[in-house]
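Input: a single structure, listed below in C-alpha cells.
The values are calculated or read from the model by the stated rules, or taken from the named source; none is laboratory data. Just so you know, these numbers come straight off a predicted model, no measurement behind them. Cβ: placed from backbone, ideal geometry, glycine included. Neighbour counts: every protein chain shown.
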Amino acid sequence: MTFADPPRPSVAGVDASASDGTLPRLGAVVGPLGVVSYFVATAFHPGHDPGNLEAVLPEYAADAQWLAVHLAQFAGIALAAVALIALASSLMHGRGRGAALARLGLLAAVVALAVYAVNQAVDGVGIKFVADSYVGASPTARPGALLVADAIRHLEVGTTTFFELNLGVTLVLLGLAIGWSQTYPTWLGWVAIADGIGWIAVALLLGARGFDVSVSPLAMAVTYVVGLWIVALAVLLWRSAGPRTGDQAAGS
C-alpha cells in the first residue's frame, strides 16, 4: 500500500522525525499489557451463551469476581488504546493525507474508549445488579425481573455495537494513515484495514442479531487479530522511539 504523500524521514521503517520518544515507548510497553489483561480477564468471564438470559443470569449472579473481571477488561482496552494513540501521534506531523487520517483515527480511538467505558458500566455494574435481582425474585416476580434484565441487556448490545463500530473505523483510518505516511511497514496498514472492516461487519451484525454474534468465528477472528496486531505495533513503536536521551549522551 503506497500512496501519494512523500515519505517522511525514516530509519529501518520507522519515523526518524519525532523528537520525543516518550509516548511511543509508553504505547509499546502498555499496549501488550492491555492485550494480556483483556484476554486473561475475558477467560474468567462466566457465561458462554450470552443470548440466553435465563441461562446466564444465574451464572452472572453466582460470580463473586464479576466487577474485578470487568475492571480488568476496561483496563486492558484502555492500555491498548494508548498504543493506538501513540501510533496516531507518530503519524500526525505535517499536513498530508496521512496526518489528516491519523488525526481522525485518534479522534475515533478516543470515542471508542469513551463508549467502552459506558459499555462496561452497563455490563460490569448494571447486568450484575439485574442478575442478582432475577435470581432473588420470587417465581411470580421473575418474569418482570427478566424483562428488566432484557432491557439492560439491550443497552449493552447498543453500547457494544457502537464501541466495535468505532474500533473498526479507528483501525481503518490508522491503516490508511500508515499507507499514506510510509513511515511503518506496509503490512501493518493492510492488516489494520482488513481487521477494521471485520470489526465494522461484526458491529453491524451484533446490532441486528444480538449477542449471539459475539461468539461467532468472525468475532473471535477479529479479536485475536487485533490483539496480535497491537503486539506487533508495540515492537515498531519501541523502534520508532530511537535511543533514550541518556543513551545518546553516553554514546557521544
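Among what's in region 26-69 and is part of a helix (DSSP H, G or I) and in contact with a Phe, Trp or Tyr (Cβ under 6 Å, 6 or more places away or on another chain), pick the residue that is nearest to LEU228 (Cα to Cα). If you could, list the steps in order and put the result at the bottom.
Here is the first cut: in region 26-69, the residues part of a helix (DSSP H, G or I) are 26-43, 53-62, 66-69.
Checking which are in contact with a Phe, Trp or Tyr (Cβ under 6 Å, 6 or more places away or on another chain) leaves us with 28, 57, 69.
Working: ALA28: 13, LEU57: 32, VAL69: 21 Å.
Within region 26-69, the match that is nearest to LEU228 (Cα to Cα) is ALA28.
Within region 87-104, does at least one residue satisfy the condition of being farther than 30 Å from ALA177 by Cβ and touching a residue at least 60 places away in the same chain (Cβ under 8 Å)? Working first, answer last.
In the first step, residues of region 87-104 are kept if they are farther than 30 Å from ALA177 by Cβ; the result is none.
Checked against the condition, which is being farther than 30 Å from ALA177 by Cβ and touching a residue at least 60 places away in the same chain (Cβ under 8 Å), region 87-104 yields no hits at all.
Among the residues in region 146-166, are any closer than 30 Å to ALA61 by Cα, in contact with a Leu (Cβ under 8 Å, 6 or more places away or on another chain) and polar (S, T, N, Q)? Walk me through how you get there before you give the answer.
Step one: filter region 146-166 for residues closer than 30 Å to ALA61 by Cα, giving 146-165.
Still in the list and also in contact with a Leu (Cβ under 8 Å, 6 or more places away or on another chain): 146, 149-150, 153, 157, 160-161, 164-165.
Now restrict to residues that are polar (S, T, N, Q): 160-161.
Yes - at least one qualifying residue is present in region 146-166.
Here is a yes/no grid of residues against (1) surrounded by fewer than 19 Cβ atoms within 10 Å (Cβ to Cβ); (2) over 15 Å from the mean Cα position of the chain (by Cα):
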{"residue": "PRO46", "(1), (2)": "yes, yes"}
{"residue": "LEU53", "(1), (2)": "no, yes"}
{"residue": "VAL56", "(1), (2)": "no, yes"}
{"residue": "ALA62", "(1), (2)": "yes, yes"}
{"residue": "TRP66", "(1), (2)": "no, yes"}
{"residue": "ALA86", "(1), (2)": "no, no"}
{"residue": "SER90", "(1), (2)": "no, yes"}
{"residue": "ARG97", "(1), (2)": "yes, yes"}
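All but one of (1) touching a residue at least 40 places away in the same chain (Cβ under 8 Å); (2) part of a helix (DSSP H, G or I) hold for THR183, so report the exception by its number.
Looking at each condition in turn, THR183 falls short on (2).
For region 31-41, does any single residue satisfy the condition of being buried (at least 19 other Cβ atoms within 10 Å of the Cβ), hydrophobic (A, V, I, L, M, F, W, C) and modelled with pLDDT of 95 or more?
So in region 31-41, the residues buried (at least 19 other Cβ atoms within 10 Å of the Cβ) come out as 31-32, 34-35, 37-38, 41.
Within this subset, residues satisfying the condition of being hydrophobic (A, V, I, L, M, F, W, C) are 35, 41.
With modelled with pLDDT of 95 or more added as a condition, the list becomes 35, 41.
Scanning region 31-41, I find at least one residue that is buried (at least 19 other Cβ atoms within 10 Å of the Cβ), hydrophobic (A, V, I, L, M, F, W, C) and modelled with pLDDT of 95 or more, so the answer is yes.
Only residues that are of a type in the set (Ser, Thr, Tyr) and either under 30 Å from ALA177 (Cα atoms) or not in a helix (DSSP H, G or I) (or both): list them for region 107-141, please.
Just the residues of region 107-141 that are of a type in the set (Ser, Thr, Tyr), to begin with: 116, 133-134, 138, 140.
Those that are of a type in the set (Ser, Thr, Tyr) and either under 30 Å from ALA177 (Cα atoms) or not in a helix (DSSP H, G or I) (or both): TYR116, SER138, THR140.
State all residues of region 150-164 that are surrounded by fewer than 23 Cβ atoms within 10 Å (Cβ to Cβ), among the hydrophobic types (A, V, I, L, M, F, W, C) and in contact with a helix residue (DSSP H, G or I) (Cβ under 8 Å, 6 or more places away or on another chain); if no residue qualifies, say none.
Result: ILE152, LEU155, VAL157, PHE162.
Can you name the residue in region 99-146 that is aromatic (Phe, Trp, Tyr) and either in contact with a strand residue (DSSP E or B) (Cβ under 9 Å, 6 or more places away or on another chain) or crowded, with 16+ Cβ neighbours inside 10 Å (or both) and is also nearest to ILE193 (Cα to Cα) among such residues?
Narrowing region 99-146 to residues aromatic (Phe, Trp, Tyr): 116, 129, 134.
Restricting the remaining residues to those that are either in contact with a strand residue (DSSP E or B) (Cβ under 9 Å, 6 or more places away or on another chain) or crowded, with 16+ Cβ neighbours inside 10 Å (or both) gives 116, 134.
On the way: TYR116: 21, TYR134: 42 Å.
So the residue we want is TYR116.
Only one of these is at pLDDT 90 or above and closer than 30 Å to SER133 by Cα: LEU106, LEU57, LEU23. Name it. Don't jump to the end; show me each part of the working.
Values: LEU106 fails: closer than 30 Å to SER133 by Cα; LEU23 fails: closer than 30 Å to SER133 by Cα.
One residue alone meets the criteria, LEU57.
Tell me, yes or no, whether region 240-247 has at least one residue that is surrounded by 14 or more Cβ atoms within 10 Å (Cβ to Cβ) and within 17 Å of ALA80 (Cα to Cα). Lay out the reasoning, then the answer.
Within region 240-247, the subset surrounded by 14 or more Cβ atoms within 10 Å (Cβ to Cβ) is 240-242.
Checking which are within 17 Å of ALA80 (Cα to Cα) leaves us with none.
Within region 240-247, not a single residue is surrounded by 14 or more Cβ atoms within 10 Å (Cβ to Cβ) and within 17 Å of ALA80 (Cα to Cα).
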